[in-house]
Amino acid sequence: MQPKLELISFKLCPFVQRAVVVLKHKHVDFDITYIDLANPPEWFKAISPLGQVPVLKVMTPDGTEVLFESSVIQEYVDEISPPSLHPADPLIKAKNRAWISFGGEILGALHGMISAKEEAVCNDKREAILQKLARLEAAHSGGDYFNGADFNLIDAAYAPMLMRLDFIKQLTGEDLLVNTPKLAHWSNVLLAMPSVQDSVVEGLVNLYAMMLKKLDGHFACKLTNRD
Ligand SMILES: N[C@@H](CCC(=O)N[C@@H](CS)C(=O)NCC(=O)O)C(=O)O
């Protein structure tokens with residue numbers, strides 16, 4: 001019997017979204033509870049070792065366990081709903097895990113870029129992101145998905161980052177994938193998938209624009225088509 005799952009989320013969090021894409025893709029039942037990360041409830045502080053989302057509460061007849069770290073939650077959900085979305089070959093799987101971790105670094109760098117107060121720092125962060133994207137491009141198969149023709153766990157892990165880059169393009173006109181055609185194609189494929197589209201609340205792009213304004217970094221001055 002599958003355990004009852006409750007995902008603790010924050011609407012804007014790309015790391016939570018990684019888990020949601022897998023849950024949706026594999027049609028696994030789950031409840032989602034949103035918290036305000038700026039004002040986290042006491043019960044959340046008590047169960048989240050790092051004070052971060054995502055947290056997955058796994059309820060079995062033997063009791064409730066708590067999982068944290070998006071890549072671990074992705075793998076757990078994948079393992080309880082076979083067949084696995086990870087490639088079977090141990091070497092490819094290991095490489096995918098490494099690149100999933102790299103994706104977390106890009107998300108961190110992206111946050112650094114949008115929250116930098118000074119233009120020079122923002123530009124440095126952008127350069128660092130572009131370098132990381134170039135490395136990712138070199139590792140990508142060039143097919144519809146990272147490894148080729150099949151949707152794997154790594155694709156679910158990168159969809160939230162690619163969605164944020166798409167938001168930036170919509171909101172500022174800046175295309176950070178302009179020099180990485182394989183990633184640009186990958187983004188088009190992933191962002192058209194129902195499991196990716198259904199992995200976020202409606203109108204997330206507007207919440208993202210509001211977050212950019214609230215962060216009040218240099219990047220916010222690039223917002224063009226929204227007030
Ligand atoms: N390495 C973590 C990163 C998760 C993360 O950074 N979550 C952010 C929200 S997107 C968070 O909870 N931040 C609150 C904090 O760090 O205090 C994962 O992959 O799950």
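The values are calculated or read from the model by the stated rules, or taken from the named source; none is laboratory data. Here the structure is a predicted model, which is why all the values come from computation and not from measurement. Virtual Cβ from ideal backbone geometry, glycine too; neighbours counted across all protein chains shown.
Here are the numbers for the structure shown:
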| read-out | value |
| --- | --- |
| Residue tally, condition surrounded by fewer than 17 Cβ atoms within 10 Å (Cβ to Cβ) and in a loop (DSSP other than H, G, I, E, B), over segment 164-215 | 10 |
| Residue in segment 96-111 that is aliphatic (A, V, I, L, M), surrounded by 13 or more Cβ atoms within 10 Å (Cβ to Cβ), under 16 Å from residue 5 (Cα atoms) and touching a residue at least 40 places away in the same chain (Cβ under 8 Å) present | no |
| Flag if residue 125 is without any contact (Cβ under 8 Å) to a residue 40 or more places away in the chain and under 21 Å from residue 70 (Cα atoms) | no |
| Residue within segment 173-188 that is touching a Phe, Trp or Tyr at 6+ places or on another chain (Cβ under 8 Å) and within 23 Å of residue 10 (Cα to Cα) present | no |
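Residue by residue, here is whether (1) more than 8 Å from the ligand (Cβ to nearest atom); (2) in a strand (DSSP E or B); (3) under 13 Å from the mean Cα position of the chain (by Cα); (4) basic (Lys, Arg) holds:
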| position | (1), (2), (3), (4) |
| --- | --- |
| 1 | yes, no, no, no |
| 7 | yes, yes, no, no |
| 12 | no, no, yes, no |
| 17 | yes, no, yes, no |
| 28 | yes, no, no, no |
| 50 | no, no, no, no |
| 57 | yes, yes, no, yes |
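Residue-by-condition table, conditions (1) β-branched (Val, Ile, Thr); (2) at negative phi; (3) at pLDDT 95 or above:
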residue	(1), (2), (3)
162	no, yes, yes
169	no, yes, yes
177	no, yes, yes
180	yes, yes, yes
192	no, yes, yes
220	no, yes, no
